[in-house]
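Novice: Supplied in structure tokens, the structure appears directly below.
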Amino acid sequence: MENTLPKPHTGQYQEVSSLLIHWYAHHKRDLPWRTADAWGVWVSEIMLQQTRVSTVIPFYLKFMQRFPTIQQFAQTPIEEVLHYWAGLGYYARVRNLHRAAVLVVQQHNGIIPMQIRQLIALPGIGRYTAGAILSLTGSVPAPLVDANVTRILCRVFGITGDPASAAVQKMLWNTAERMLPIQAFAEHNQALMELGEVICTPAEPQCDKCPICSCCYAASTPAPQALPEYAPARKKVPQVHACIIVEGIPGCYFMVQRPYHGLWGGLWEFPRVLCQPEETWKEAAQRAADELLGIQVRVAKKIATIKHVVTHHNITLHACLATSVNIVRNSSMAKQIALCDWQRYPCAAPQLLVRKAAEKTLTQPSVQQILPL
Ligand code: ADE
């Protein structure tokens, strides 16, 4: 659909902005990253990408308690840093944050640069995150456009077309820039994000509670939720995975560390493979032990089936206990870890569920009969 509405004039932008700021002053949530500290804002914005506010809060508090400054974070090895991200998902975010922090310490004396060009040059920082660091700290009046802001701008100003397209992106950033007030730019940007999260939600916008309803194009239509016009999402492909829990030295179980790049990079897991077509999960679990541990096993018991969604896949993970029947070769990839030490090895959310199920099963007395050596 073409964008046919007349271009808003400066007075309209100012009116929307002052209504937003006034509403925000009375309705803002007390969120721990709403401070002028650039490091805190940076960490929160990275955590909030693809993750809800309520999920982020406990991770953010723990993270900032351990790494209150960028220097403390930069000098900590990535292996330890991963503990504070384990369970939050999208682990490339923390690897980039760590690389960027090291660069800030090396190149900028540990002071986060407050210029858009320098910020954007750092790993993991795009125009949105740079805009957030600059504006939310009250330092520089920079616009920002994320999914919440996109939704509000499309609805208020009747912007049609797929927001992922270059033309709509340009229009959104131009609009965000023109709307930005010279003074209360931090509050203005926070207010946009807040409104998008609590009132102008994707499926059921609460127009009756919205402070800018009187200025909004979509609110005057029968279906305000019809904007933005995102292209239909790519369908997620189902995948079946199998993982195996095998005891080595009595009381210790084999785990492998994932390569630092890619899905769940650097995290630990029970040996896991993707089931091939025609292969049962049991056969796949045996193959995981063979390929990753060099051990032939007999599957003893399934302990969990876990559903997990990643960017392009709906994963079903079958986890089972097994007894080792024959050591074929020694594996350099695997480590034998005592049950009581498992929590010292960071792992992703689905493997955490496997661990919990395994702990429960392995600490039951009857397991000794299931798994004779
Ligand atoms: N989502 C992204 N950034 C946010 C922020 N600063 N406050 C609330 N929600 C957000």
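Novice: Hey, can you tell me all the residues within segment 125-159 that are on the phi > 0 side of the Ramachandran plot and either within 12 Å of the ligand (Cβ to nearest atom) or out of contact with any helix residue (DSSP H, G or I) (no Cβ under 6 Å at 6 or more places or on another chain) (or both)?
Specialist: GLY158, the sole residue that qualifies.
Novice: Going by the conditions given, is GLU187 within 13 Å of the ligand (Cβ to nearest atom), modelled with pLDDT of 95 or more and over 24 Å from the mean Cα position of the chain (by Cα)?
Specialist: Numbers: within 13 Å of the ligand (Cβ to nearest atom): yes; modelled with pLDDT of 95 or more: yes; over 24 Å from the mean Cα position of the chain (by Cα): yes.
When the stated conditions are applied, GLU187 passes them.
Novice: Quick check on my filter: what residues within segment 314-335 are touching a residue at least 40 places away in the same chain (Cβ under 8 Å) and within 20 Å of LYS301 (Cβ to Cβ)?
Specialist: Those that are touching a residue at least 40 places away in the same chain (Cβ under 8 Å) and within 20 Å of LYS301 (Cβ to Cβ): THR316, LEU317, HIS318, ALA319, CYS320, LEU321, ALA322, THR323, SER324.
Novice: I'd like to know if segment 220-236 contains one or more residues that are surrounded by fewer than 16 Cβ atoms within 10 Å (Cβ to Cβ), of a type outside the set (Gly, Ala, Ser) and within 19 Å of SER331 (Cβ to Cβ).
Specialist: no
Novice: Suppose we filter segment 1-33 for residues that are loosely packed, with under 15 Cβ neighbours inside 10 Å, within 16 Å of the ligand (Cβ to nearest atom) and touching a residue at least 24 places away in the same chain (Cβ under 8 Å); how many remain?
Specialist: 5
Novice: Do you know which residues across segment 309-363 are surrounded by 12 or more Cβ atoms within 10 Å (Cβ to Cβ), within 26 Å of the chain's Cα centre (by Cα) and in a strand (DSSP E or B)?
Specialist: HIS313, ASN314, ILE315, THR316, LEU317, HIS318, ALA319
Novice: Inspect all residues belonging to segment 203-220 and state whether any of them is touching a residue at least 24 places away in the same chain (Cβ under 8 Å), within 16 Å of the ligand (Cβ to nearest atom) and under 30 Å from VAL309 (Cβ atoms).
Specialist: No, because not a single residue in segment 203-220 is touching a residue at least 24 places away in the same chain (Cβ under 8 Å), within 16 Å of the ligand (Cβ to nearest atom) and under 30 Å from VAL309 (Cβ atoms).
Novice: Then there is this: Which numbered condition in (1) within 12 Å of the ligand (Cβ to nearest atom); (2) more than 26 Å from PRO143 (Cα to Cα) is the only one that ARG52 fails?
Specialist: (2)
Novice: Quick check on segment 34-47: of everything there that is outside any loop (DSSP other than H, G, I, E, B) and in contact (Cβ under 8 Å) with a residue 60 or more places away in the chain, which residue is nearest to the ligand (Cβ to nearest atom)?
Specialist: The extreme case among them is GLU45.
Matching residues to (1) in contact with a Phe, Trp or Tyr (Cβ under 7 Å, 6 or more places away or on another chain); (2) surrounded by fewer than 16 Cβ atoms within 10 Å (Cβ to Cβ):
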residue: ILE46; (1), (2): no, no
residue: GLN50; (1), (2): yes, yes
residue: LEU61; (1), (2): no, yes
residue: PHE67; (1), (2): yes, no
residue: GLN72; (1), (2): no, yes
residue: PRO77; (1), (2): no, yes
residue: TYR91; (1), (2): yes, no
residue: ARG99; (1), (2): no, yes
residue: GLN107; (1), (2): no, yes
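Novice: Please go through segment 260-281 and pick out each residue that is surrounded by fewer than 20 Cβ atoms within 10 Å (Cβ to Cβ) and of a type in the set (D, E, K, R).
Specialist: Residues satisfying the conditions are GLU278, GLU279.
Novice: Taking the criterion of being of a type in the set (Gly, Ala, Ser), at pLDDT 95 or above and touching a helix residue (DSSP H, G or I) at 6+ places or on another chain (Cβ under 8 Å), would at least one residue in segment 98-117 satisfy it?
Specialist: Yes, segment 98-117 has at least one match.
Novice: Is it the case that ILE57 is in a helix (DSSP H, G or I) and touching a Lys or Arg at 6+ places or on another chain (Cβ under 8 Å)?
Specialist: No; evaluated as a whole, the condition is false for this residue.
Novice: Given the options LEU267, LEU274, LEU227, name the one that is hydrophobic (A, V, I, L, M, F, W, C) and closer than 16 Å to PRO346 by Cβ.
Specialist: Working: LEU274 fails: closer than 16 Å to PRO346 by Cβ; LEU227 fails: closer than 16 Å to PRO346 by Cβ.
Checking each option against the conditions leaves just LEU267.
Novice: Given the conditions (1) within 16 Å of the ligand (Cβ to nearest atom); (2) within 21 Å of the chain's Cα centre (by Cα); (3) not charged (D, E, K, R), report the number of the one that ILE120 does not fulfil.
Specialist: (1)
The values are calculated or read from the model by the stated rules, or taken from the named source; none is laboratory data. Not measured: the values here are computed from a predicted model. All Cβ positions, glycine included, derive from the backbone under ideal geometry; neighbour counts span all protein chains shown.
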